[in-house]
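K.L.:
Dumping the structure here so I can ask a few things about it.
Just so it is clear, none of the values below were taken in a lab; they were calculated from the coordinates. Note that the structure is a prediction, hence the values are computed from the model and not measured. Cβ placement follows ideal geometry from the backbone for every residue including glycine, while neighbour counts extend to all protein chains displayed.
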Amino acid sequence: MEGVMSGPRSGNRADRELVERHLHGDEVAFEELYSRFDRMVFNLALRMAGDAEEAADLTQEIFLRVHRYLGRFRGRSSLKTWVYRVALNRCRSRLRQRARRRRFAGTASFRELRDPTRGPEELAVALDEGRRVQEALARLPPAFREAVVLRDLEGLTYEEIAAAAGLRLGTVRSRIARGRERLRALLEAGPPAPPAEPGAKEESS
């Protein structure tokens, strides 16, 4: 029987045990959960919101919700997928709020995780490429941005995305394909031209 519990069932069982420990007042349990998923949640928030400060605020809000609603986890999916679902819902809500306040301009910032094995020139190229991708992502419709981020940047499977986003598998595949196509077109086209300054036409004539 050795190795019988080495697959997904073993992972789900460990997830449920961690949640049970939290529900029974084990403070270390939530610290373990946080350390397991904090980078994942921040990266998702950064790629969805396009701003490091806003992503940090979102990460705090997401984990507050995870802490509050962890008792609702039933183990029907992995804990990772459940946390993604909470994070996605909060990111969607923030984007809707921001859309009501102002039109999303796509002037996203990007925080590159430094790799000490890269030289200065390679780091500069990687940082510039990261900014270009982030800016292009910010110009995608939210549904396509979400699908591309989860698949190509977060590395979720189609099934995990469907579970986390509450979508049918066919919808997930369609959004990823269309999102990739639009992202490729945006990257090839380059950044949008800056708006002309008032009076610039008159001054040049």
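K.L.:
Tell me the label-point distance for the pair Asp57, Thr171, using the 7 Å Cα-to-Cβ offset, in nm and rounded to one decimal.
P.N.:
2.9
K.L.:
Further, regarding this structure: Express in nm, to one decimal, how much length is gained between Arg180 and Ala143 on full extension, taking 0.36 nm for each residue of separation and deducting their alpha carbon distance.
P.N.:
Values: separation 37, 0.36 × 37 = 13.32 nm, distance 1.18 nm.
Extra length available between Arg180 and Ala143 comes to 12.1 nm.
K.L.:
Let me ask something else. Starting with the highest mean, order 62-72, 26-36, 40-50, 172-182 by the number of other Cβ atoms within 10 Å, averaged over the residues of each peptide.
P.N.:
Working: 62-72: 15.1, 26-36: 13.4, 40-50: 22.5, 172-182: 17.4.
Highest mean packing first, the order is 40-50, 172-182, 62-72, 26-36.
K.L.:
Given the Cα-Cα distance of Asp38 and Arg68 and 0.36 nm per residue of separation, how much length would full extension add, in nm?
P.N.:
Values: separation 30, 0.36 × 30 = 10.80 nm, distance 1.62 nm.
My answer for the length gained is 9.2 nm.
K.L.:
Here's another thing I want to ask about it. Expected output is a single nm value to one decimal: the length gained when fully extending between Asn12 and Val28, i.e. 0.36 nm times separation in residues minus the C-alpha distance. What is it?
P.N.:
On the way: separation 16, 0.36 × 16 = 5.76 nm, distance 1.89 nm.
Roughly 3.9 nm would be gained on extension.
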